[in-house]
Amino acid sequence: MVRKPRIEFPGAFYHVITRGNQKQNVFRSAEDRQGYLKVLVSYKERYRFLLYAYVLMDNHVHLLLETQETHLSRVLQGINQSYTIYFNRKYKTIGHLFQGRYKAILCDRDEYLLGLVKYIHFNPIRAGMAENLDAYPYSSHHAYTGRAVADDLVDADMVLGMFSKSRMMARKGYLSYMGDDSSMAKDRVYATIDQRLQGDEGFIEWVKERYTGVVKDVTMARKYSLPGIAEAVAVACGVPVDEMRAALRTKTASHARKVFACAARKCGYRTGEVARFLEKDPSAITGYNKADLAEELARVIGLLQEEGR
């Protein structure tokens, strides 16, 4: 498959994954990880990009960043070259340390920011490198909890502001969000449109206004209305729509909301739209979307198709 050119413009929001060449480890010690973070700080000061999340694994790095005036390719070229020079000098090696082409997915920030922060922070847990988030020192999680010695590397205000205007309450909200057992599914994290983007048709149009290259058109399926989806969920779960939308914390109402959120996302609706319909905070809706509700979703979709809601 021919790789398409990167979509780059000021204000672009990317999930970047940089892997070691031939899957080799790019970090052999704690000193190496500190060395990489120093390089990251240096280039952040130079190019003024915003960094929302990072994690340093053994053989790859995840970065969640937003560019300003400098394009992503220049930012990553500088970071990877500088760290490669450090690594080769230290270990007396030569050649490429990182894969020739890093993965960079241009995302709808409003839709994916919270979910990707959580996915990135949980990488060490999924890999068995730590038992909990606090136990792994080489991620931006600590900037969000306030436990980092210096957190000027991470631009945490936007994410924390999604939980509360109060910094103390925002951190509590973040910890609560990180503490539940939901997580963005891997297939959703890496699913792309036109090999390069994540977002709906509105986001695609927004990108086209800022990018001079070619972007493949996409049509999202919105065959069913949100009220219609809610009615199908009410039948499938045995919970009236008004209870689903009320501030009830019963298990049945909560479960129905999760099913509704997942069904609405499956039908092409964005997190913000689902949150407004349910009159809930978007951060809660992001959590709903992670539930494994295959059987219920299949029944809801079946009801929608049967009734043509």
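The values are calculated or read from the model by the stated rules, or taken from the named source; none is laboratory data. Since the structure is predicted, the reported quantities are computational estimates derived from the model, not experimental observations. Ideal geometry is used to build each Cβ from the backbone, glycine not excepted, and the neighbour counts take in all protein chains shown. When the accessible area is computed, the model is the full protein with side chains, heavy atoms only, and any ligands, DNA or RNA have been set aside. Shrake-Rupley method; radii C 1.70, N 1.55, O 1.52, S 1.80 Å.
A few remarks follow.
- Measuring how big segment 152-200 is from its alpha-carbon positions, Rg and Dmax come out at 14.5, 41 Å.
- Two-site FRET efficiency, residue 235 against residue 214, from Cβ-Cβ distance with R₀ of 41 Å, rounded to 0.05: 0.40
- Positive end of the dipole of the chain (Cβ unit charges, origin at the Cα centre): among 159, 26, 106, the Cα lying farthest that way belongs to 26.
- In order through segment 82-88: 3J(HN,Hα) via Karplus (6.51 cos²θ - 1.76 cosθ + 1.60), integer Hz, x for Gly, Pro: 5, 5, 4, 4, 4, 5, 5
- With all pairs of separate Cα atoms included, segment 203-262 yields a Kirkwood hydrodynamic radius of 13.8 Å.
- Among the trypsin sites (Lys or Arg not before Pro) in segment 234-270, those located in a DSSP loop and surrounded by at most 16 other Cβ atoms within 10 Å of their own Cβ are 249.
- Residue 237 sits with roughly 40 Å² accessible to a 1.4 Å probe, with DNA, RNA and ligands left out of the calculation.
- Listed residues 164, 176 arranged by accessible area, highest first, probe 1.4 Å: 176, 164
- Annotation for residue 250 and residue 90: the two label points, set 7 Å from Cα along the Cα-Cβ direction, are 5.8 nm apart.
- Net dipole in debye of the chain [+1 Lys, Arg Cβ; -1 Asp, Glu Cβ; about Cα centre; nearest 20]: 1000 debye
- The structure shown yields volume of the Cα convex hull per residue in Å³, and of the options (i) 166; (ii) 149; (iii) 128 that calculated value carries the label (ii).
- Which listed pairs, of 4/258; 103/266; 23/44; 165/216; 44/258, have C-alpha distances above 29 Å, in listed order: 4/258; 165/216; 44/258
- When Rg and the Kirkwood Rh are both derived from Cα coordinates, the Rg/Rh ratio for segment 12-140 amounts to 0.94.
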